[in-house]
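Written out below as structure tokens is the structure these notes cover.
The values are calculated or read from the model by the stated rules, or taken from the named source; none is laboratory data. None of the values given here were measured: they were computed from a predicted structure. Backbone-built Cβ (ideal geometry, glycine too); neighbour counts: all protein chains shown.
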Amino acid sequence: MMKVAIVKYNAGNVQSVIYALNRLGVNPIVTDDPELLQQADKVIFPGVGEASTAMAYLKERGLDQVIVNLKQPVLGICLGLQLMCKHSEEGDVDCLGIFDVDVKRFPANAGVKVPQMGWNKLHHMKGLLFEGLPAESYVYFVHSYYAALSPETAAQSTHAVDFSASLQKDNFYAMQFHPEKSSEAGSVILKNFLEL
Amino acid sequence: MLTKRIIPCLDIKDGKTVKGVNFVDLKDAGDPVELAEIYSREGADELVFLDITATVEKRKTLVELVTKVASKINIPFTVGGGISTIEDVSVLLKAGADKVSINSSAVKRPELINELAGEFGSQCVVVAIDTRYVDGEHIVHVKGGREATELRTIEWAKEVQERGAGEILLTSMDHDGTKNGFALELTGYLTKLLNIPVIASGGAGTMEHFADIFKEDQADAALAASIFHFKEIAIPDLKQYLLDNDIEMRH
């Protein structure tokens, strides 16, 4: 039986992620125990919340070092993706620095609403997690901050600006959208992650 | 580009769907879990559950229902009805709801919006506004639209945005149940005025009505109940129609 661990911290609620994994036949544990995280086959780092508060919480418990040193596949979701970047404008905070890109707030008065809330299209998808998806798939986003495009961008989307809808480097994968709420497309992505 | 959203709404009482449904393939015509699965499969972009259960004891039924629905569907869903404290919201989110909708309780104590946004984030706070045109002004109503307040709709909408609401669900009492179309003017005005999404509700009768409200960005999403429950409009047909009319849809 595959061991999947969800990082427990003070950001958001993880129930939807648990249900989505259950539907794929996996029963994850939710933990902040470094040993359990290190021993898992896959680690998921979800999150809805504020970046600087979340970073302070991770640092206080040493989870920042645990996460960056994980060797198995790690999937960051939403705030998880942003915390895996270099720096976030939200609370002006240095993040985990796994991805060499900064997180900025969507511009005001650019003719779009902030937060971006709803279904948007993925473009230029690359990598194993997007295998089996149509060239343009719709996924569900809820966010006010975004990671810019970078060489590590694995999929992009557009909301006033082009941004990284997904990032990937070595064993680290991240989605700005919510695969657990993105209908069939999201389910394919999570299944691909579990099969890495 | 962000798509427009189609949102079926289920009215729930004591764990069952009320207002009637007409799905022939349902085992139990009132089972909201089955209905949620059908709508999710048919391409609904979100779901809204409004609990109209009267008593506190029966709220437990709602939490069980939210758990069942959340474990089955993979699209966002909002739960509303009878929410007035952080604890109410916490229980629903832990059961798997993505957002909550508050209405009368926000009018009664507007600070509730700030408290919920601070505790759970704006993205999960939907403020529902029931509005009626009275003596030349749009006035906020509460208690299912039965009771007028002193609040002007446009001022109240601006206030809830400032207090941290993530979305507004605007129901026009003048249009609700008429099947004559959404309240285009007021909804369009608020959609352009505000920086948070506005969901149009009340008055949907035909596919053209959805095209009307989405043209020129007069709403970010549209909600309807009976036309979906009675299969007067099927979601896949509606989405195809809107795509044919150059409206961005998830398909």
Tell me which residues, restricted to the range B:69-92, are farther than 22 Å from B:Arg5 by Cα and either crowded, with 19+ Cβ neighbours inside 10 Å or within 19 Å of the chain's Cα centre (by Cα) (or both).
B:Gly82, B:Ile83, B:Ser84, B:Asp88, B:Val89, B:Leu92
Going through A:Gly80, A:Gly25 one at a time, which residue ends up being of a type in the set (Gly, Ala, Ser), modelled with pLDDT of 95 or more and within 15 Å of the chain's Cα centre (by Cα)?
A:Gly80
Wholly within the range A:48-113, which helices (runs of 4 or more DSSP H) include no fewer than the required count, namely at least 2 residues that are among the hydroxyl-bearing types (Ser, Thr, Tyr)?
A:51-60
Residue among A:Lys121, A:Lys71, A:Lys126, A:Lys59 that is farther than 25 Å from B:Leu116 by Cβ, surrounded by fewer than 22 Cβ atoms within 10 Å (Cβ to Cβ) and in contact with a Phe, Trp or Tyr (Cβ under 9 Å, 6 or more places away or on another chain)
A:Lys121
Determine if the range A:83-94 includes at least one residue that is within 14 Å of chain B (Cβ to nearest Cβ), surrounded by 22 or more Cβ atoms within 10 Å (Cβ to Cβ) and small (Gly, Ala, Ser).
no
Go through the range A:14-26 and report how many residues are within 11 Å of chain B (Cβ to nearest Cβ) and either under 18 Å from A:Leu63 (Cβ atoms) or among the small types (Gly, Ala, Ser) (or both).
4
Among the residues of the range A:138-173, count how many are part of a loop (DSSP other than H, G, I, E, B), modelled with pLDDT of 95 or more and of a type outside the set (A, V, I, L, M, F, W, C).
5
Only helices (runs of 4 or more DSSP H) wholly contained in the range B:174-251 count here; list those with 3 or more residues that are within 13 Å of chain A (Cβ to nearest Cβ).
B:184-193, B:235-244
Among (1) outside any strand (DSSP E or B); (2) buried (at least 22 other Cβ atoms within 10 Å of the Cβ); (3) more than 14 Å from chain B (Cβ to nearest Cβ), which single condition is A:Phe177 missing?
(3)
Looking at (1) closer than 30 Å to A:Val17 by Cβ; (2) away from chain A (no Cβ under 14 Å); (3) not in a strand (DSSP E or B), find the lone condition where B:Gln161 falls short.
(2)
Can you find, within the range A:1-38, the residue that is surrounded by the fewest Cβ atoms within 10 Å (Cβ to Cβ) among those that are assigned to a helix (DSSP H, G or I) and in contact with a strand residue (DSSP E or B) (Cβ under 8 Å, 6 or more places away or on another chain)?
A:Leu36
Top-ranked residue of the range A:98-118 - restricted to ones that are more than 27 Å from B:Leu193 (Cβ to Cβ) and surrounded by 14 or more Cβ atoms within 10 Å (Cβ to Cβ), ranked as nearest to the other protein chains (Cβ to nearest Cβ):
A:Val103
